[in-house]
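Please read the structure below before turning to the comments.
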Amino acid sequence: MNRRKVISLSALTAFGFALLTGSAVSQQKSLKDQLVGTWTVQSWDQTNKDGTKLQRFGANPKGVNVFTADGRFFVMFARPDLPKIASNNPMTPTPDEAKALAQGTISYFGTYTVDEAKKTITFQIESTSYPNQLGIAQERVVSSLTADELKYSNPTTTTGGKIEVALKRAK
């Protein structure tokens, strides 16, 4: 092989490797990009300060987390066995119905930011069914994220303890 062909072949090979590396880098999405979409809850488990466990929304909780590309979010969790209101009027539940509904649901929405290095999501809540959350930066620590599964924890709940949530991407 002459010198010109060796240099051309070497340059072509180097260019090919550069393209491979570039396309591999471009395929890696940021944490925020991977979050975008709708997720359905698979489990919601709380460990209290004293070590006791709680499944506030039952063994088969219902719920959704929605993350939009422009930094907005919506979260709702609910027990699957919530009572119907006997009066058929949401403004007049019995005290027991109201208590069961308050204990068995939570929803909130607002904006979120992502810290890629710390693998955290911070919620700035605009409105919630539990007003004690307002005005507090709500940080979630992402422990696992794949194309179809998201797991995060809330290490600093308003009642103490830690909450771990597992979600599956909605189809």
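The values are calculated or read from the model by the stated rules, or taken from the named source; none is laboratory data. The shown structure was predicted, so the numbers you read here are calculated from the model rather than taken from an experiment. Note that each Cβ is placed from the backbone with ideal geometry, even for glycine, and that neighbours are counted across all protein chains shown. When the accessible area is computed, the model is the full protein with side chains, heavy atoms only, and any ligands, DNA or RNA have been set aside. Shrake-Rupley method; radii C 1.70, N 1.55, O 1.52, S 1.80 Å.
In table form, for the structure just shown:
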read-out: Residues of the stretch 133-157 that turn out to be without any contact (Cβ under 8 Å) to a residue 60 or more places away in the chain, within 19 Å of Met76 (Cβ to Cβ) and open to solvent by less than 70 Å² (accessible area, probe 1.4 Å), as a count; value: 6
read-out: Residue list for the stretch 44-79, filter: farther than 21 Å from Thr111 by Cα and of a type in the set (Ser, Thr, Tyr); value: Thr47, Thr52
read-out: Close pairs (7 angstrom Cβ cut-off, 6 or more residues apart or separate chains): under 30 Å from Ile121 (Cα atoms) in the stretch 70-90, open to solvent by 60 Å² or more (accessible area, probe 1.4 Å) and part of a loop (DSSP other than H, G, I, E, B) anywhere; value: Pro80/Asn60
read-out: Members of the stretch 57-107 that are within 18 Å of Trp39 (Cβ to Cβ), open to solvent by 70 Å² or more (accessible area, probe 1.4 Å) and assigned to a loop (DSSP other than H, G, I, E, B); value: Asn60, Ala69, Asp70, Pro80
read-out: Odd one out for Glu164 among (1) within 12 Å of the chain's Cα centre (by Cα); (2) over 28 Å from Lys29 (Cα atoms); value: (2)
read-out: Residue check, Leu145 aliphatic (A, V, I, L, M), modelled with pLDDT of 95 or more and more than 19 Å from Asp70 (Cβ to Cβ); value: yes
